[in-house]
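To keep things clear, I will list the structure first and then write my remarks on it.
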Amino acid sequence: MYDLTGFQRDLLYTIAGQDEPHGLAIKDELEEYYEKEIHHGRLYPNLDEIVDKGLVEKGELDRRTNYYTITARGRRELEARREWEDQYVVELLSESE
């Protein structure tokens, strides 16, 4: 996960949080989060890269629409990332409650 860009990590989180989302559903979620338009030229090459890394699988709904699912490896990478983040922020976040 260390070699992913922040955008690619956000893609991974978005895919993990949905049930077999297609590209436009992922794009819509990220546009809401980033509060700006995500161009296809940014979205799809990054999706392909996380597929190539084995973090996500791409399936075909029809000839024009693909869907994405997180792999077991992708799930492990997300868990490891959460553990790494928690060592730095879990105390900070619990103090504010």
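Things worth noting here:
- For segment 28-43, the criterion of being small (Gly, Ala, Ser), farther than 15 Å from residue 7 by Cα and out of contact with any Leu (no Cβ under 6 Å at 6 or more places or on another chain) is satisfied by no residue at all.
- Per this entry, residue 65 is not counted among residues that are β-branched (Val, Ile, Thr), touching a strand residue (DSSP E or B) at 6+ places or on another chain (Cβ under 6 Å), under 16 Å from residue 15 (Cα atoms) and at pLDDT 95 or above.
- Number of positions in segment 54-83 that are touching a residue at least 40 places away in the same chain (Cβ under 8 Å), open to solvent by less than 70 Å² (accessible area, probe 1.4 Å) and under 14 Å from the mean Cα position of the chain (by Cα): 10
- Scan of segment 18-33 for residues that are in contact (Cβ under 8 Å) with a residue 12 or more places away in the chain and either open to solvent by 40 Å² or more (accessible area, probe 1.4 Å) or not in a helix (DSSP H, G or I) (or both), ordered by number: 20, 21, 22, 29, 33
The values are calculated or read from the model by the stated rules, or taken from the named source; none is laboratory data. Remember, it's a predicted structure, so these values are computed and weren't measured experimentally. Every residue, glycine among them, receives a Cβ derived from its backbone with ideal geometry; neighbour counts consider all protein chains shown. The accessibility values were calculated without ligands, DNA or RNA, using every heavy atom of the protein model including side chains. Shrake-Rupley method; radii C 1.70, N 1.55, O 1.52, S 1.80 Å.
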